[in-house]
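One structure below.
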Amino acid sequence: MTLHLAAGDPAPRFIQRTLSNPRYVFDVAAGRYMVLYFFGSTASPNVTQALEKIRSRPAVFNGSKVAFFGVTIDPKDETHQRIADQKPGIKFFLDFDLSVSKLYGAVSADAQQGGVGVSYRQVCVVLDPTMRVRATFVPGKEGTGIDELIAYLEALPPVERSSGLEMQAPVIVLPDVFEADLCHDLISLYERHGGQESGFMREINGKTVLVSDHNHKRRRDHTIEDDALMAELRGRFIRRVIPEIKKVHQFEATRMERYIVSCYDADEEAHFRPHRDNTTKGTAHRRFAVSVNLNDDFDGGEVSFPEYGNRTYKAPPGGAVVFSCSLLHAVSKVTRGRRYAFLPFLYDEAAAKVREENSTSIEDGANATA
C-alpha cells in the first residue's frame, strides 16, 4: 500500500542523513514553507533539468520563506557527487533505506532497500510552516511541473500569514506569577552560587543522553535545593499558573519538574536554537513548559515559536509564557546584559507513569536540563 498525502494532512516527521548531517531532525526545520522533492535518482531523465531549475532560483529557495529538500534513494548520487547542498535553502536527504520515501508514499510500504526495479513515484510535497501538507506537484519530462511549483511558491503569503490570517502561537502569557521581591531573591541566589553550563537531551541508540553544543544552546543553570523555597515557588504555580492551564487546555498539572534559575548571558552570546521539549524517552512525559522572566534589563533573549510566525515574546519581570512542550520554540541570542528566568516543566499523574517507565532509558549521569 502506498500512502498519498493530501492538502491538510499532517506531514510525517523523520530523522534522516543529509550530505552534511548524519542525523537531521526534519521537524526542527519548521517555521517556513518546505518543499520535499522525492526524485529517487538523478539518473532519471527529468531530474537533472528539474534540479537545475530549482538551483537557478535562490531568491525563491532562500531558506527563510521557503526551504528545499531533495530526496534520493540512489547511493551513486552521493558517491559520484551528483548532488550538492546550496546555501542557504537547498539540502538533500540520503534516503537509502527508503524510510522517508515510504512515509510520504514515494515507494510502497513493502519496497526493499536496494531492491532491483523499485517503483518510485516522483512528487514534490509542499508543507506549510506548521508541517501540514499544503500542495503536491508531479514533475514531468524535461522538468515540467517545476515551473508551476515555483510560480506557486512565489505567490505564497508571508510565513506569518500562511493560514490566511495573522498567526498567533498557541501560548498563554501571564503577568504577576512572581512578585518583584521573589524575582530579586532568585536572581540573588543565582549570583551567590553561579550556574553550571547546561546541555540538552538527545536520543542516541535508544538512550536519552545529555549533550553539549554551543551552536545549539548556551545557558547556565543553578539548581534550587532549598525545600522551603521550592514549596514557595510551587505554591505560586498552584495558585496562578495551573488554573489558567486548566481553563485554556482542560489539563490539570499535578507535578513540576526541575527548580532552576537560568541565566542567558550576553558575554557568552547565550541562546537556544529551535527545539521541542519532549522528543526523547527521558523527556516524553513533559506536557507544558513555563518561562518566568525574573528581570527585563537585557536585550535579546526573547522566546519565539517559528511555526507560527516571527513574533517574539518577552514577559515582564514576574510574568510567564506557558506553552505545550510539543511546540517548536527558540530563545534568541542575548545581546545586552543577562536574562534570568525560572524554567520548570509541568505534567500530571498519567505522564508520571510514562516518566517512570522510561527511566531506564536515561543514560547514567544525565539530567533533564534541556
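The values are calculated or read from the model by the stated rules, or taken from the named source; none is laboratory data. It should be emphasised that the depicted structure is a prediction, and the values quoted were computed from it without experimental measurement. Heads up, the Cβs are rebuilt from the backbone with ideal geometry, glycines too, and the neighbour counts pull from every protein chain shown.
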How many of the residues in the stretch 9-27 are in a loop (DSSP other than H, G, I, E, B) and out of contact with any Leu (no Cβ under 8 Å at 6 or more places or on another chain)?
6
Does Met201 satisfy the criteria of being closer than 29 Å to Ser326 by Cβ, within 28 Å of the chain's Cα centre (by Cα) and modelled with pLDDT of 95 or more?
no
Within the stretch 260-280, tally of residues that are outside any strand (DSSP E or B) and crowded, with 20+ Cβ neighbours inside 10 Å:
6
Go through the stretch 304-346 and tell me which strands (runs of 3 or more DSSP E), entirely inside it, have 2 or more residues that are over 13 Å from the mean Cα position of the chain (by Cα).
320-324, 338-342
For the stretch 241-253, check the following and say yes or no: at least one residue is assigned to a loop (DSSP other than H, G, I, E, B), small (Gly, Ala, Ser) and touching a Lys or Arg at 6+ places or on another chain (Cβ under 6 Å).
no
With the structure loaded, tell me whether Pro45 is without any contact (Cβ under 8 Å) to a residue 24 or more places away in the chain and in the same structural domain as Arg132 (by TED's automatic domain parsing) or whether it fails that test.
no
Which residue is surrounded by the fewest Cβ atoms within 10 Å (Cβ to Cβ), if the candidates are limited to the stretch 80-95 and must be assigned to a loop (DSSP other than H, G, I, E, B) and touching a residue at least 60 places away in the same chain (Cβ under 8 Å)?
Ala84
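Residue by residue, here is whether (1) farther than 23 Å from His285 by Cα; (2) surrounded by 14 or more Cβ atoms within 10 Å (Cβ to Cβ) holds:
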site	(1), (2)
Ile187	yes, yes
Gly195	yes, yes
Ile204	no, no
Thr208	no, yes
His214	yes, no
Lys217	no, yes
Leu233	no, yes
Arg239	no, no
Pro243	no, no
Can you confirm whether the stretch 134-151 contains a residue that is hydrophobic (A, V, I, L, M, F, W, C), farther than 30 Å from Thr42 by Cα and touching a Leu at 6+ places or on another chain (Cβ under 9 Å)?
no
